[in-house]
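Encoded as structure tokens, the structure appears first; notes follow it.
The values are calculated or read from the model by the stated rules, or taken from the named source; none is laboratory data. Remember, predicted model here, so these are calculated numbers, not experimental data. Here the Cβ is made from the backbone with ideal geometry for all residues, glycine too, and neighbour counts use every protein chain on show. Keep in mind that these areas ignore ligands, DNA and RNA; they rest on the heavy atoms of the full protein, side chains included. Shrake-Rupley method; radii C 1.70, N 1.55, O 1.52, S 1.80 Å.
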Amino acid sequence: MYPPPRKDFIALTLSDPHSHSYNNGKHRRQSCWRVSATDRLEAVRDAFKHAWKAYKEYAWGHDELKPISKSFSEWFGLGLTLIDSLDTMWILGLKEGGKFAEARSWVEKELSFDKNVDVNLFETTIRILGGLLSCYHLTGDQLFLDKAVNVNIGKGTAHPPRWTSDSTLAEVTSIQLEFRELSHLTQDPQYQVWTTEVH
């Protein structure tokens, strides 16, 4: 059941052997979730199913769900949430019931990089390229690698993210992982070469 009932989150006394305490220098805290590992896994699955149901109903194929207004928003128009969720579905064992198959079908038939839109290199790399590559590794499905090769970024005019005047170290360096892996999987060095030129 999601959200978990409040009674499942309990404050424990110092004498309780199941409590986990820590001191971060300001506060001393103790807490414990008094449920089995299996129950916790099911709670995570239920939370995902709850969110996925709303995404499918109100934002299918769009970048983000707006849960309060039961609508969606577009950042790049590339189905960010859907692609971001593929590996999570697989890891949570939610392959049956059609959820994964429906999402895969959307990637196969609807995901197109033939667009003239302004995208953020970092977000597109970690969420789209990274999502497709991780799904390829988990499933072995060539579709995800083929789509990853076709991620079309780098054709426009470069600029820093809109929320800052500079790119961060995380942005510039973490994209190396995805592009190097793409070169490794395709045996095409061009992707790795591109990232070594980013500075």
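Can you pick out the pairs among Lys56/Lys115; Lys53/Lys147; Lys66/Lys115; Lys115/Lys147; Lys95/Lys115; Lys49/Lys95 whose Cα atoms lie more than 19 Å from each other? Please report the intermediate quantities before stating the final value.
Details: Lys56/Lys115 23 Å; Lys53/Lys147 25 Å; Lys66/Lys115 23 Å; Lys115/Lys147 14 Å; Lys95/Lys115 30 Å; Lys49/Lys95 12 Å.
Result: Lys56/Lys115; Lys53/Lys147; Lys66/Lys115; Lys95/Lys115 exceed 19 Å.
How far apart, in nm, are two points set 7 Å out from the Cα along the Cα-to-Cβ line at Asp118 and at Thr139?
With each label point 7 Å from Cα toward Cβ, the separation is 3.3 nm.
Just the number, please: carbon plus sulfur as a percent of the accessible area of the stretch 97-141, 1.4 Å probe, no ligands or DNA/RNA counted.
Carbon with sulfur: 45 percent of the solvent-accessible area.
If each residue of separation counts as 0.36 nm, what is the full-extension length gain between Lys53 and Ser174 once their alpha-carbon separation is subtracted?
Net length gain for the segment: 40.4 nm.
Amide H neighbours of Phe72 under 5 Å, counting only residues 5+ apart in sequence or on other chains, H built in-plane at 1.01 Å?
Lys66
Pulled fully out, how much extra length does the chain show between Asp46 and Lys109, if you take 0.36 nm times their separation in residues and subtract their Cα-Cα distance?
On the way: separation 63, 0.36 × 63 = 22.68 nm, distance 2.79 nm.
Full extension of this stretch gives 19.9 nm more.
Hey, with R₀ at 30 Å, roughly what FRET efficiency would Asn150 and Val35 work out to, going by the Cβ-Cβ distance, to 0.05?
With a Förster radius of 30 Å, E is 0.10.
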